[in-house]
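Read the structure below first, then the notes.
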Amino acid sequence: MRNLLTTLFALAMAVAGTVAAAPALPAYDFYAAVAMTKAQKNSSTPADSGLYRRNAAGAWHHFGPRILGVSGLAVHPADPRIVLIASSDGVVRSTDGGRTWRKTTGWEVADVRSIVFDPVQPELVYAVTAWGPLRSTDAGATWQLAQKGLTLLFGQTMVADAARSGRVLIGTEGGIYVSRDAAQSWQRAKFPEVPVLRLTQGSSDAKVLLATTLGRGAFLSQNGGESWTPVDPATAGANLYAAAIAPQDAALLALGGWQAGVRVSADGGRTWTDRTAGLPVKNVFVLAFDPGVKGRLWASTFEEGTFYSDDLGRTWQEGGLYGAYGYDFIFIPVARP
């Protein structure tokens, strides 16, 4: 009888363990777009800025061409051989997974701040620059101006709506504009006429968007950007450069900025907590939740390195890239071996 009970108990525990086991998260390559401004050296070819990729051991290695002012990276959702880099010199494209590169914009295009593929029709690509947005219909091989309906052209952040193909939102110096025809025309959103510094969309709930501004704090939308509400009164007058939404939980949000540190909300933006303690400075330019490690939050401070937290900012661990001015964190899904 005792042996039977022991066997049944072991089987029950095995079944319970099987039920409780969480599915493995997808694997991602982790990139950072930075400029090593703390130890900047005059050079015609930048040796220490651009894109860096983090390996499994936690070390960062330079990736891609040596060009100035790299602000972002985008990879074709269906063909990982096609890679696009947004830089101060224009858009640079690879069709062989990053082994070789070619500039695909003309001399008149500069200061490309953000670049995104349409998630449903990836031959459509959108870019925002200091001189107005661009669109491509051939996965970034060629580009056209996309300024119809805009009165102010300067922009540095954008989102291709994951829920509606052809719908694009850009943050400009005069607020947020929306296109419903794949960037062929733009209309003003119901948003204050203030410079927008960062715009991000929830991946588990595409109706949730978070925007940060220059001097007016942060705004949250829960209806896909149709309307916006100010959040976090403690930073209502701050310059907020960073915004993040957790990929597995759209109620988990993070904000960061100049002298604002890191602010975290776990209830969809109703309340916010300062999580700056443990960071060397209160100046934060990039935040991102790691989609490959549930609950991990990454922060890029001004010239004092990157840091990560696995407890929503209560404690922080050093993540490398000391001396960097961060532009963006990019996570690219990869096939598991």
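Quick note: the coordinates plus some simple rules give every number you see, no bench work behind them. This is a predicted model, so every value here is computed, not measured. Positions of Cβ are backbone-derived with ideal geometry, glycine not excepted, and every protein chain shown enters the neighbour counts.
If you check every pair at least six apart or on different chains, which have Cβ atoms under 8 Å apart with a residue in the range 188-209 that is touching a residue at least 60 places away in the same chain (Cβ under 8 Å) and closer than 27 Å to PRO291 by Cβ first and a residue that is aliphatic (A, V, I, L, M) and assigned to a loop (DSSP other than H, G, I, E, B) second?
Every condition considered, the pairs that remain are SER203/ALA162.
So if I check each of PHE307, PHE285, PHE329, which one is within 18 Å of the chain's Cα centre (by Cα), under 17 Å from GLN201 (Cα atoms) and not in a loop (DSSP other than H, G, I, E, B)? Step through it out loud before you land on a result.
On the way: PHE307 fails: under 17 Å from GLN201 (Cα atoms); PHE285 fails: under 17 Å from GLN201 (Cα atoms).
Of PHE307, PHE285, PHE329, the one residue that is within 18 Å of the chain's Cα centre (by Cα), under 17 Å from GLN201 (Cα atoms) and not in a loop (DSSP other than H, G, I, E, B) is PHE329.
Count, please, the residues in the range 194-217 that happen to be within 16 Å of the chain's Cα centre (by Cα) and not in a loop (DSSP other than H, G, I, E, B).
So the count comes out to 11.
Conditions first: (1) under 22 Å from GLN248 (Cα atoms); (2) surrounded by fewer than 16 Cβ atoms within 10 Å (Cβ to Cβ); (3) among the charged types (D, E, K, R). ARG275 passes all but one, so which condition is the exception?
So ARG275 meets the others, but not (2).
Consider ALA243 carefully, then state whether it is under 17 Å from the mean Cα position of the chain (by Cα) and within 19 Å of GLY58 (Cβ to Cβ).
On the way: under 17 Å from the mean Cα position of the chain (by Cα): yes; within 19 Å of GLY58 (Cβ to Cβ): no.
Against the criterion (under 17 Å from the mean Cα position of the chain (by Cα) and within 19 Å of GLY58 (Cβ to Cβ)), ALA243 does not qualify.
If I go through the range 120-143 residue by residue, how many of them are closer than 22 Å to THR172 by Cα and not small (Gly, Ala, Ser)?
10
How many residues does the range 223-245 contain that are in contact with a strand residue (DSSP E or B) (Cβ under 8 Å, 6 or more places away or on another chain) and either closer than 11 Å to THR200 by Cβ or not aliphatic (A, V, I, L, M) (or both)?
Residues meeting the conditions: 14.
Identify, please: which residue in the range 145-158 is under 24 Å from the mean Cα position of the chain (by Cα) and polar (S, T, N, Q) and is, among those, surrounded by the fewest Cβ atoms within 10 Å (Cβ to Cβ)?
Filtering the range 145-158 for residues that are under 24 Å from the mean Cα position of the chain (by Cα) and polar (S, T, N, Q), the one surrounded by the fewest Cβ atoms within 10 Å (Cβ to Cβ) comes out as GLN147.
Report whether or not ALA277 is part of a strand (DSSP E or B), free of Cβ contacts under 8 Å to residues at least 60 places away in the same chain and either in contact with a strand residue (DSSP E or B) (Cβ under 8 Å, 6 or more places away or on another chain) or of a type in the set (Gly, Ala, Ser) (or both). Walk me through it before giving the result.
Values: part of a strand (DSSP E or B): no; free of Cβ contacts under 8 Å to residues at least 60 places away in the same chain: yes; either in contact with a strand residue (DSSP E or B) (Cβ under 8 Å, 6 or more places away or on another chain) or of a type in the set (Gly, Ala, Ser) (or both): yes.
It is false that ALA277 is part of a strand (DSSP E or B), free of Cβ contacts under 8 Å to residues at least 60 places away in the same chain and either in contact with a strand residue (DSSP E or B) (Cβ under 8 Å, 6 or more places away or on another chain) or of a type in the set (Gly, Ala, Ser) (or both).
Inside the range 144-163, can you point out the residues that are over 12 Å from ILE115 (Cα atoms) and free of Cβ contacts under 8 Å to residues at least 60 places away in the same chain?
The answer is GLN144, LEU145, ALA146, GLN147, LYS148, GLY149, LEU150, THR151, LEU152, LEU153, PHE154, ALA162.
Looking at LEU312, LEU253, can you tell me which residue is out of contact with any Asp or Glu (no Cβ under 8 Å at 6 or more places or on another chain), in contact (Cβ under 8 Å) with a residue 40 or more places away in the chain and not in a loop (DSSP other than H, G, I, E, B)?
That would be LEU253, the only listed residue that is out of contact with any Asp or Glu (no Cβ under 8 Å at 6 or more places or on another chain), in contact (Cβ under 8 Å) with a residue 40 or more places away in the chain and not in a loop (DSSP other than H, G, I, E, B).
Scanning for something of a type in the set (Lys, Arg), part of a loop (DSSP other than H, G, I, E, B), over 21 Å from the mean Cα position of the chain (by Cα) and under 19 Å from PHE30 (Cα atoms), does the range 56-75 turn up at least one residue?
Yes: the range 56-75 contains one or more residues that are of a type in the set (Lys, Arg), part of a loop (DSSP other than H, G, I, E, B), over 21 Å from the mean Cα position of the chain (by Cα) and under 19 Å from PHE30 (Cα atoms).
Can you pull out every residue in the range 122-135 that is touching a residue at least 24 places away in the same chain (Cβ under 8 Å), of a type outside the set (Lys, Arg) and under 18 Å from ARG93 (Cβ atoms)? Steps first, answer last, please.
So in the range 122-135, the residues touching a residue at least 24 places away in the same chain (Cβ under 8 Å) come out as 122, 124-130, 133-135.
With of a type outside the set (Lys, Arg) added as a condition, the list becomes 122, 124-130, 133-134.
Answer for the range 122-135, where residues must be touching a residue at least 24 places away in the same chain (Cβ under 8 Å), of a type outside the set (Lys, Arg) and under 18 Å from ARG93 (Cβ atoms): PRO122, LEU124, VAL125, TYR126, ALA127, VAL128, THR129, PRO133, LEU134.
Exactly one condition in (1) touching a strand residue (DSSP E or B) at 6+ places or on another chain (Cβ under 8 Å); (2) within 21 Å of SER88 (Cβ to Cβ) is not met by GLN187; state its number.
The failed condition is (2).
Could you run through the range 288-303 and say how many residues are crowded, with 18+ Cβ neighbours inside 10 Å, touching a Pro at 6+ places or on another chain (Cβ under 9 Å) and not in a strand (DSSP E or B)?
2
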